[in-house]
1. For a 26 Å ceiling on Cα separation, which of these pairs sit above it: Lys82/Lys266; Lys9/Lys221; Lys221/Lys299?
2. Once you place label points 7 Å from the Cα toward the Cβ at Ser195 and Cys104, how far apart are they in nm?
3. Go through region 198-235 and name the trypsin sites (Lys or Arg not before Pro) that are in a DSSP coil and have 10 or fewer other Cβ atoms within 10 Å of their Cβ.
4. Packing-wise, with mean Cβ within 10 Å as the measure, how do 240-249, 21-30 rank, highest first?
5. When the chain is fully extended, how far beyond the present Cα-Cα distance does Asp84 get from Asp96, taking 0.36 nm per residue of separation?
6. Sticking with the crude label model, points 7 Å out along Cα→Cβ, report the distance from Thr40 to Glu321 in nm, one decimal please.
7. Ignoring ligands, DNA and RNA, what accessible area per residue does region 1-106 give at 1.4 Å, in Å²?
8. Ile20: net charge of surrounding residues, Cβ under 14 Å, Lys/Arg +1, Asp/Glu -1, itself excluded?
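The values are calculated or read from the model by the stated rules, or taken from the named source; none is laboratory data. Not measured: the values here are computed from a predicted model. Every residue, glycine as well, gets a Cβ built from its backbone with ideal geometry; the counts of neighbours run over all protein chains shown. With ligands, DNA and RNA removed, areas are computed over all heavy atoms of the protein, side chains included. Shrake-Rupley method; radii C 1.70, N 1.55, O 1.52, S 1.80 Å.
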Amino acid sequence: EDIMEVRIKTDQYPTETAWILTNTCSNTVVAEAPAGSYTTRNQEYSDKICVPPGGAYSFFITDSFGDGICCSYGEGFYNVLKNDVSMIGGGQFGTDETKTFGQCGTTPPTRAPTRAPTRAPTRAPTRAPTPVPTRAPTPAPQTPPPTPAPLTPPPAPFQAPPPTPAPQTPPPAPFQTPPPTPSASPSPSPTPTFSCPPGQVGFILTLTTDNYPRETRWVLKQGNRWSTATRIATTLYGSYTNWQTTYIETQCIEENEIFYFQILDKERDGICCDYGLGTYSLALNGQEPFHTGGVFGFKERTRFNAISSYNNMNTFIIEVETEPKGGNIDSTSEDYDEEDSTGEDEEDSTSEEKEEES
């Protein structure tokens, strides 16, 4: 059997989203989620279904308000995978969208049956003739019996060779950032939990790259003002190399202190949605994310206080400063002094690729 997986990340209005997955060979509905199935905004859902091998499928998704699931009110997306391989995806549409994949009649080869061997018949023995007596006193010579013909062994039955299995492509290895930057490991799982010493809380960044992951970097600082805050953790341009891949970064930070998180895009087009459906979220102590983003220009900066639980939002500080595409919030030399090792040639090449793609 094949395993189909439908991944949906909701926007700000999750109850508007519905979808149907249909086997077009048999014209049967494989799975569906009617409007109202999703109730949590900015949340990723996953549905897995076992289906017969091969076949062709049609995926129909609709938004009752007519604005899709990206990017006017959140950075939602959808992705349909078959045996952990992405078949189709998207998120920017109007009222509905339909995409197809596969083809009918693509079932795996069936092994030919093995014919049972036929046993060779046993030849009856030939009786030797009785010699005729003669009048002479000397008996006639005895004629020896004829030698039976040799038996030919039956041919060996034909053995059909087993089908050659399809090559298995190993998943890409996660990129490990150098210390003190925490290692980046791709994972579709929910916000992880980890332990920190007393007086500290766990900061969790979940980052899904766009089609140009090397353009993305981020900085985490502690202090009341961005310009004088102390850098706690950071990555460089070029740290992320796999496109449309989810990385998770963790860091223990001081409880009840003020922190700044800033994410930057080298080409000033954010990580969503011109060149892929990138996104990022921030969380503390394994709780639900307190901020989700991805649509910005050169950078987006979030100011927050590190508390162990932010269920009571009256005591939790969140200030987000987003630079719109084409805009400019205050920049420092820190935003530019940690370029990746590829230099200007790669930057020019990336810009030309985006111009051709657009």
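1. Over 26 Å apart, Cα to Cα: Lys82/Lys266; Lys9/Lys221.
2. 5.9 nm
3. Sparse-neighbourhood loop trypsin sites (Lys or Arg not before Pro): Arg225.
4. 240-249, 21-30
5. 1.8 nm
6. That separation, rounded to one decimal, is 3.2 nm.
7. 48 Å²
8. Net charge in that neighbourhood comes out at -4.
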